[in-house]
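Here's the structure we're looking at; comments come further down.
The values are calculated or read from the model by the stated rules, or taken from the named source; none is laboratory data. Worth saying up front: this structure is predicted, and the values here are computed from it rather than measured. Heads up, the Cβs are rebuilt from the backbone with ideal geometry, glycines too, and the neighbour counts pull from every protein chain shown. All accessible areas refer to the heavy atoms of the entire protein, side chains included, with ligands and DNA or RNA removed. Shrake-Rupley method; radii C 1.70, N 1.55, O 1.52, S 1.80 Å.
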Amino acid sequence: MTPILQCKVLGKRYGAKEALSSVDLQLGRGRIVGLLGPNGSGKTTMIKLASGILTPTSGEILIDGKAPGIESKSLVSYLPERTYLADWMRVSDLLGFFGDFYQNFNQEKAKEMLERLDINPNDRLKTMSKGTKEKVQLILVMSREAGLYLLDEPIGGVDPAARDYILNTIITNYSENATVIISTHLIADVERVLDDVIFIASGKIVMTSSVDEIREEQGKSVDELFREVFKC
Amino acid sequence: MLGKLLKYETKATARIFLPLYGALVLLAVINRFFMAIRPEGHSNLAFSMTLGTTATVYGILIFAIFILTFFVMIQRFYKNLLGDEGYLMFTLPVQPWKHIVSKMVVSALWMVASVIVTMITVFIMALDWEDLRMFAEIPRALAVLYQQMGVHGYLYILEFCTLCAAGLAMGILNIYFSISVGQLFNKHRVLAAFGAFIATDIVTNIITTIGIWLIGHVLDGMPIQVGMIGSAHLIMCTLILYCLFYGAAYFVGTNYILSRRLNLE
């Protein structure tokens, strides 16, 4: 089976600054993967390359064996680290929008989650707090039955109670064959849901491992290992 | 998918334009009303001031609508595709050319709509019922045109409309192309877009000059006889081809950048 995500000597520069260099990586299906690294280590760049809104400077990135394009975009559900929704729209407009463009969008699931988080579908985004907007985005993204979820800082801007709900949403909403990539530096919060981790620093992959391996072989939690590897 | 993009683009822009059009029509009706009840003969200061105010607001609103039509054309492309909202638009499973076409078509339609609404408001203010007969005269005028020029008269109208559409498309695509070139830069993207606009202007002028010289050179010495009617067609068709040629070039360039060189900030 082709890996869901594959990077071959992938590189990206912004002018003189190298954001990613020679990244080689393969991710299988049905895993929840933590993309972990300090600020500015290249996490967002990597996710943006996979979603197709950045073009690599060198090497290639493949989703299900194909370069980013229409097919990969219907397969990938991407949550950016910023608000990308037009704020004049109502939540109900957005449900329609996602349903129109993504065949794998599950309206019922989205409505259910909105109700659970007390978000009124008739509210405009303009009237919502930043945290609520982030919840709406996450709900939209997780209501797609996608093959690959790319979640960039999904819990950065919400309160701890909502964090738990969101993480539970993530683990209960992806299908067995789907892979979820979560980029974050809030490791302690996400650790319990992760199967694998990728440590990234200064645009290079430092380590890839399964969480079980870290616990069994090193006798440490991911959080402890992270602090050790990235000690300032 | 193009249909859906057009639907959402129309929705996103209609909420800006429709209220303005509504306000303009309302002001035209108010102006008409004031002009109708204007006391004749002696001047009434309060009345003149009121009429003066509503007429001025009407004028400002027309100005605002045209500035806004232009501004929205740029802003929808820049903000919705290359700003934060682009994170959503470019992760939709849609070919980039459809984004360009949907933005262009909707912008062009609003430009046309702004002109039509403005004309309607002028009619509201200036026309009597008598004047409305003018519209009934249109078929007769067309018949006269046909009598005098034959099918060429209709062809000129068709060519003129095509030229307007092609020119509008070319102008919009020129701006889209410049904005897209701007996003190739890591910094100062707006400045780079202005630079690109000036640079494309210079380049197209050079190409056009060389083209005219070449065509002139080839045609020189050829025994071609085109009368008045023929040369008018020739000029119109050349202008249409000019717009189509550059419009296509800008479209291909924009599409290349958005599909192969996309780098959202």
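Which of the residues belonging to segment B:65-110 are within 14 Å of another protein chain (Cβ to nearest Cβ) and among the polar types (S, T, N, Q)?
Within segment B:65-110, B:Gln75, B:Asn80, B:Thr91, B:Gln95, B:Ser102 qualify.
Each row is one residue, and each column tells you yes or no for (1) hydrophobic (A, V, I, L, M, F, W, C); (2) in the same structural domain as B:Leu234 (by TED's automatic domain parsing); (3) at pLDDT 90 or above.
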{"residue": "B:Gly153", "(1), (2), (3)": "no, yes, no"}
{"residue": "B:Cys161", "(1), (2), (3)": "yes, yes, yes"}
{"residue": "B:Ala166", "(1), (2), (3)": "yes, yes, yes"}
{"residue": "B:Gly171", "(1), (2), (3)": "no, yes, yes"}
{"residue": "B:Ile179", "(1), (2), (3)": "yes, yes, yes"}
{"residue": "B:Gln183", "(1), (2), (3)": "no, yes, yes"}
{"residue": "B:Ala192", "(1), (2), (3)": "yes, yes, yes"}
{"residue": "B:Asn205", "(1), (2), (3)": "no, yes, yes"}
{"residue": "B:Ile210", "(1), (2), (3)": "yes, yes, yes"}
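Please go through segment B:5-55 and give me each residue that is open to solvent by 70 Å² or more (accessible area, probe 1.4 Å) and within 30 Å of B:Val105 (Cβ to Cβ), ordered by number.
The answer is B:Lys7, B:Lys11, B:Arg15, B:Leu18, B:Pro19, B:Leu26.
I'd like to verify a number: residues in segment A:170-194 that are over 14 Å from the mean Cα position of the chain (by Cα) and either assigned to a loop (DSSP other than H, G, I, E, B) or exposed (fewer than 15 other Cβ atoms within 10 Å of the Cβ) (or both), how many?
Adding up the residues that qualify gives 6.
From the list B:Thr200, B:Thr208, which one is surrounded by fewer than 16 Cβ atoms within 10 Å (Cβ to Cβ), away from chain A (no Cβ under 14 Å), part of a helix (DSSP H, G or I) and among the hydroxyl-bearing types (Ser, Thr, Tyr)?
Going through B:Thr200, B:Thr208 in turn, just one is surrounded by fewer than 16 Cβ atoms within 10 Å (Cβ to Cβ), away from chain A (no Cβ under 14 Å), part of a helix (DSSP H, G or I) and among the hydroxyl-bearing types (Ser, Thr, Tyr): B:Thr208.
Determine, yes or no, whether B:Leu214 is open to solvent by 40 Å² or more (accessible area, probe 1.4 Å) and either within 23 Å of B:Gln75 (Cα to Cα) or out of contact with any Leu (no Cβ under 6 Å at 6 or more places or on another chain) (or both). Give the steps one after another, and end with the answer.
Working: open to solvent by 40 Å² or more (accessible area, probe 1.4 Å): yes; either within 23 Å of B:Gln75 (Cα to Cα) or out of contact with any Leu (no Cβ under 6 Å at 6 or more places or on another chain) (or both): yes.
Answer is yes for this residue.
Could you list, in sequence order, the residues of segment A:66-88 that are more than 8 Å from every other protein chain (Cβ to nearest Cβ) and either in contact with a Pro (Cβ under 8 Å, 6 or more places away or on another chain) or crowded, with 20+ Cβ neighbours inside 10 Å (or both)?
A:Pro68, A:Ser72, A:Ser77, A:Leu79
How about segment A:91-161: which helices (runs of 4 or more DSSP H) wholly inside it have at least 2 residues that are among the hydrophobic types (A, V, I, L, M, F, W, C) and within 18 Å of the chain's Cα centre (by Cα)?
Values: elements: A:91-101, A:107-116, A:130-142.
Hits in segment A:91-161: A:130-142.
Identify, by number, the condition in (1) of a type outside the set (Phe, Trp, Tyr); (2) away from chain A (no Cβ under 14 Å); (3) farther than 20 Å from B:Val101 by Cβ that B:Thr162 doesn't meet.
(3)
Anything in segment B:220-265 that is open to solvent by 100 Å² or more (accessible area, probe 1.4 Å), within 14 Å of chain A (Cβ to nearest Cβ) and not in a helix (DSSP H, G or I)? List them, or say none.
Result: B:Arg261, B:Glu265.
Inside segment B:145-197, can you point out the residues that are assigned to a loop (DSSP other than H, G, I, E, B) and closer than 25 Å to A:Tyr14 by Cα?
First, pick out the residues of segment B:145-197 that are assigned to a loop (DSSP other than H, G, I, E, B): B:150, B:183-188.
Listed by number, the residues that qualify are B:Gln183, B:Leu184, B:Phe185, B:Asn186, B:Lys187, B:His188.
Can you say whether A:Pro154 is more than 23 Å from B:Leu81 (Cβ to Cβ), more than 14 Å from every other protein chain (Cβ to nearest Cβ) and either among the polar types (S, T, N, Q) or surrounded by fewer than 20 Cβ atoms within 10 Å (Cβ to Cβ) (or both), as far as the supplied structure shows? Can you show your working first?
Numbers: more than 23 Å from B:Leu81 (Cβ to Cβ): yes; more than 14 Å from every other protein chain (Cβ to nearest Cβ): yes; either among the polar types (S, T, N, Q) or surrounded by fewer than 20 Cβ atoms within 10 Å (Cβ to Cβ) (or both): no.
No; evaluated as a whole, the condition is false for this residue.
Those residues that are among the β-branched types (Val, Ile, Thr), more than 16 Å from the chain's Cα centre (by Cα) and buried (at least 17 other Cβ atoms within 10 Å of the Cβ), I need them from segment B:144-188; list them, please. Outline the logic, then answer.
Just the residues of segment B:144-188 that are among the β-branched types (Val, Ile, Thr), to begin with: B:144, B:151, B:157, B:162, B:172, B:175, B:179, B:181.
Next, only the ones that are more than 16 Å from the chain's Cα centre (by Cα) stay: B:144, B:151, B:157, B:179, B:181.
If the condition is that a residue be among the β-branched types (Val, Ile, Thr), more than 16 Å from the chain's Cα centre (by Cα) and buried (at least 17 other Cβ atoms within 10 Å of the Cβ), then B:Ile179, B:Val181 are the ones that fit.
Tell me, please, whether a residue that is in contact with an Asp or Glu (Cβ under 6 Å, 6 or more places away or on another chain) and polar (S, T, N, Q) can be found in segment A:80-100.
Looking for residues that are in contact with an Asp or Glu (Cβ under 6 Å, 6 or more places away or on another chain) and polar (S, T, N, Q), one finds none in segment A:80-100, hence no.
Please verify whether segment A:49-59 includes one or more residues that are at the interface with chain B (Cβ under 9 Å from one of its Cβ atoms), of a type in the set (Ser, Thr, Tyr) and surrounded by fewer than 20 Cβ atoms within 10 Å (Cβ to Cβ).
Residues of segment A:49-59 that are at the interface with chain B (Cβ under 9 Å from one of its Cβ atoms), as a first pass: A:51-55.
Filter again for of a type in the set (Ser, Thr, Tyr), leaving A:51, A:55.
Next, from what is left, pick out any that are surrounded by fewer than 20 Cβ atoms within 10 Å (Cβ to Cβ): A:55.
Taking every residue of segment A:49-59 in turn, at least one turns out to be at the interface with chain B (Cβ under 9 Å from one of its Cβ atoms), of a type in the set (Ser, Thr, Tyr) and surrounded by fewer than 20 Cβ atoms within 10 Å (Cβ to Cβ).
State the number of residues belonging to segment B:59-87 that are aromatic (Phe, Trp, Tyr) and surrounded by fewer than 19 Cβ atoms within 10 Å (Cβ to Cβ). Can you show your working first?
Initially, segment B:59-87 is screened for residues aromatic (Phe, Trp, Tyr), giving B:63, B:66, B:70-71, B:77-78, B:87.
Now restrict to residues that are surrounded by fewer than 19 Cβ atoms within 10 Å (Cβ to Cβ): B:63, B:66, B:70-71.
Looking only at that region, the number is 4.
Going by the conditions given, is B:Ile100 open to solvent by less than 80 Å² (accessible area, probe 1.4 Å), touching a Ser or Thr at 6+ places or on another chain (Cβ under 6 Å) and among the aliphatic types (A, V, I, L, M)? Working first, answer last.
On the way: open to solvent by less than 80 Å² (accessible area, probe 1.4 Å): yes; touching a Ser or Thr at 6+ places or on another chain (Cβ under 6 Å): yes; among the aliphatic types (A, V, I, L, M): yes.
Yes; evaluated as a whole, the condition is true for this residue.
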